[in-house]
Structures are given as C-alpha cells and as structure tokens.
Amino acid sequence: SSSEGGGGMIPIAICDDEPLHRERLVRSVQNHLNGKHAEMRVFASPAALLQEISAHGYTPDVVIVDIQMGEMSGIDLAKRINEALPQCAVIFATSYLGFATEVYETEHAYFILKSEFDQRIGAALQKALTRKPLPILHYPVSQGFRNTPCSQVLCMERILRRTKLTLLGGAEEWTPLTPAELLEADSAQQFIRCHQSYWVNFHQIETMENDCFWLPGGLRIPISRTYRSATREQFFSCLHT
C-alpha cells in the first residue's frame, strides 16, 4: 500500500471548507497518531481533492471529510473516493448527528462528531490503518489514474506497447504499464500467466481446460504450450490457499 513508501509515512488527506475547522482537525490528528508518522495534506474543497486523486495519482490511506460542505456533501465525496480509491478509509467529521444514517451508504466509514473529535480520532485512525487492505491495481490511463480492485479484473492482455484490462461486466481499460509492473507482490498471487500475452485472475476462472481458461461472459483465454505446466501448477496451488 501507499503507506509503505516514504519511510512509513501515512498519507492522510483532510477536506473541510472552513479554515478554522481544518486547522483544528490537523492539530487533533497530529496529537493522536500514537507514534505513527503522517504526511498530511489539506484541501479546502472536494473538487480540489478529487482533482489531485484523478489527475496526479494521489492515494491517501485515510481521508477525513466534513459532511456539510458548500459544493458537494462529504457523503457524495466519500462515494467518489470509494470508487477511485477502494482501499482508502473515510472518517466523517460533522457537527450534526442527523447525518449518521446516510453515512452507511459509503464503505470503510467512521463517524465522529466534531465536539468529540479529540476523544475519538485516535481510535478511528487505529481502526482505519489496521484494516486488511484490498489488493488494488494502480495505473495511469489516458485521462489520469485509476485504482481498480483486483477482484474486478478478469484478465490482462499485452498488445504491442499497451496492456488491456478486461473488467467484470466487459468494460476495458488500457494502460502503458506492463502486467509485471501492474502486479506487485500482493496482487500477483491471484493472477496466473498462461500465455506470452495473457494473465488471468484465478478468482474469476470458471473452468480450466487443457488449452484454455473460461471466464465469466463466455471469455476464452488461451493457455499456450510454453506456459501449460506452470499454469496448471499455479492453478492447483491457488486452489489450496
């Protein structure tokens, strides 16, 4: 995950459109890191934070958002963050308990009243940072960056100088990264290379035949002779994990 780079600095984003509240949140987080080191960035609007994520590949581990903001509510922002960064934990800070029920439409959410922020932020951060991360593929596309859970990827195919990712539901994405660059250690476990050009997601395999895998939607991926014995070995070892 992104927190492992930069000497163990945890990237934390704070988004609140009121400057005084922003400063209070920053101070409170700094006081409750329990010896961890955070790289904190503050954003005065949801748009600024979303722009940084989509255009510059910013991947915070934790985002602390105010629920009531002028241009976009913190809940809508959290939904957008869930889509763009599925592994990111969202901590809501609000002055009003009336929002509590809507928060549960979003994932990885923690809910703290601003008046109790100091008492509760330590426990929420601890919980947010010790969640088991989803294996995520992070890659550039023509319009910025994408973060896609491995579970959504059926297979990858290297075509000339680009990699095509076929996603659940049939959508496709293209990136210049090679499959080897896409598959860092934790996510590589579930992808099986079965051909010079093809990698398949073990969890999406419906059937293995001698010379192909069948994936959802009737997708047939060839297993080449060169990779056949290694493919079978990896397939059966995945079954046991």
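What's the lysine pair count for the chain at a Cα cut-off below 24 Å, pairs eight or more apart or interchain? Each step should come with its number before you reach the end.
Numbers: Lys36/Lys114; Lys36/Lys127; Lys36/Lys132; Lys79/Lys114; Lys79/Lys127; Lys79/Lys132; Lys114/Lys127.
Close lysine pairs found across the chain: 7.
Report the percentage of all Cα-Cα pairs in the chain whose separation exceeds 29 Å, rounded to a whole percent. If you can, show how the numbers build up before the last one.
Numbers: 11068 of 28920 pairs.
Considering the chain, 38 percent of its Cα-Cα pairs are separated by more than 29 Å.
How long is the gain from Thr178 to Ala55 if the chain were fully straight, where each residue apart is worth 0.36 nm and the alpha carbon distance is subtracted? Please list the in-between numbers first.
Working: separation 123, 0.36 × 123 = 44.28 nm, distance 2.06 nm.
42.2 nm is the gain from fully extending Thr178 to Ala55.
Between the range 206-236 and the range 130-150, what is the separation of their alpha carbon centroids in Å?
Each part reduced to its Cα centre gives a spacing of 25 Å.
Where the accessible area of the chain is counted over protein heavy atoms with a 1.4 Å probe, how much of it, in %, is carbon and sulfur?
On the way: 6280 of 12470 Å².
Heavy-atom surface of the chain belonging to carbon and sulfur, 1.4 Å probe: 50 percent.
Treat each spin label as a single point 7 Å out from the Cα along the C-beta direction, and report the Cys238 to Gln68 distance in nm.
5.0 nm
How far apart, in nm, are the 7 Å Cα→Cβ label points at Asn31 and Leu113?
Placing both labels 7 Å beyond Cα along the Cβ direction yields 1.8 nm.
When the label point is put 7 Å from the Cα of Arg131 along its Cα-to-beta-carbon vector, which residues of the range 147-162 have a backbone N closer than 14 Å?
149
Helix-derived [θ] at 222 nm for the chain: sum -39500 (n - 2.57) over DSSP H runs of at least 4, divide by residue count, nearest 500?
Details: 9 runs with 77 residues, N = 241.
-9000 deg cm²/dmol, from helical runs alone.
Taking R0 as 22 Å, what's the FRET efficiency between Ser197 and Leu167 from their Cβ-Cβ distance, rounded to 0.05?
0.80
The values are calculated or read from the model by the stated rules, or taken from the named source; none is laboratory data. On a predicted model such as this, the values are computed, not experimentally measured, just so you know. Positions of Cβ are generated from backbone atoms using ideal geometry, with glycine treated the same way; all protein chains shown enter the neighbour counts. Just so you know, the surface numbers come from the protein's heavy atoms only, side chains and all, with ligands and any DNA or RNA stripped out. Shrake-Rupley method; radii C 1.70, N 1.55, O 1.52, S 1.80 Å.
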